[in-house]
Amino acid sequence: MKYLYILLADLHLFFIMYVASMNIIKAHDENKLNGVLWVLCLPFVAISLVIDVLNNITLFSLIFWEIPKELTVTARLKRHYRQKTIRGRLASWIGDVLLNPFDHTGSHLD
């Protein structure tokens, strides 16, 4: 049971890091990050990328029941997005319900 709580906490932290990262990307795209802000955000972005890769290799390999062919969770989701398979439906749900509301482009996986 302890491991289930750890996995749920990891997924929640991963989601919060995604939301924060999308805000940083939006600010960057809108040229709102000056030198100081960029320096302050850079360590967070680097740590988020490392956690993304580690989650892709471990947790999302279990969730999707496959060895990863790509580096990040988003790349894995994009590969499965819109497929007519169980993995495709899962990737579509994750993208449409969890990711898209926080992506300033409107669709994280398209």
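Here the relative contact order of the range 51-110, from alpha carbon pairs under 8 Å that lie six or more residues apart, stands at 23 percent.
Estimated from helices alone, the mean residue ellipticity of the chain at 222 nm is -21500 deg cm²/dmol (sum of -39500 (n - 2.57) over DSSP H runs with n ≥ 4, per residue). Shown for the chain are the DSSP H helices of 18 Å or more along their axis, judged by Cα atoms, with a mean Kyte-Doolittle hydropathy of at least -0.5: 2-29, 35-57.
Would you kindly state how much longer the chain becomes between LEU98 and ILE51 on full extension, computed as 0.36 nm times their sequence separation minus their alpha carbon distance, in nm to one decimal? Provide the component values of the computation, followed by the final result.
Details: separation 47, 0.36 × 47 = 16.92 nm, distance 1.78 nm.
Difference between extended and current length: 15.1 nm.
What number, in percent, do you get for the relative contact order of the chain if the mean sequence gap of Cα pairs under 8 Å and at least 6 apart is divided by its residue count? Relative contact order of the chain: 19 percent.
Here the chain has 72 percent of its accessible surface on carbon and sulfur atoms, given a 1.4 Å probe and all protein chains in place.
In Å², and per residue, what accessible area does the chain have when probed at 1.4 Å with the other protein chains present? Mind dumping the intermediate values first?
Working: 7320 Å² over 110 residues.
Per residue, the chain has 67 Å² of solvent-accessible surface.
Within the straight-line cut-off of under 22 Å between alpha carbons, the lysines reachable from LYS26 are LYS78, sequence neighbours fewer than 8 places apart in one chain being disregarded. In terms of overall dimensions, the chain has a Cα radius of gyration and Dmax of 14.8, 46 angstrom.
The values are calculated or read from the model by the stated rules, or taken from the named source; none is laboratory data. The model shown is predicted, which means the values in this text are computed figures rather than measured ones. These area figures cover heavy atoms from the full protein model, side chains too; ligands, DNA and RNA do not enter into them. Shrake-Rupley method; radii C 1.70, N 1.55, O 1.52, S 1.80 Å.
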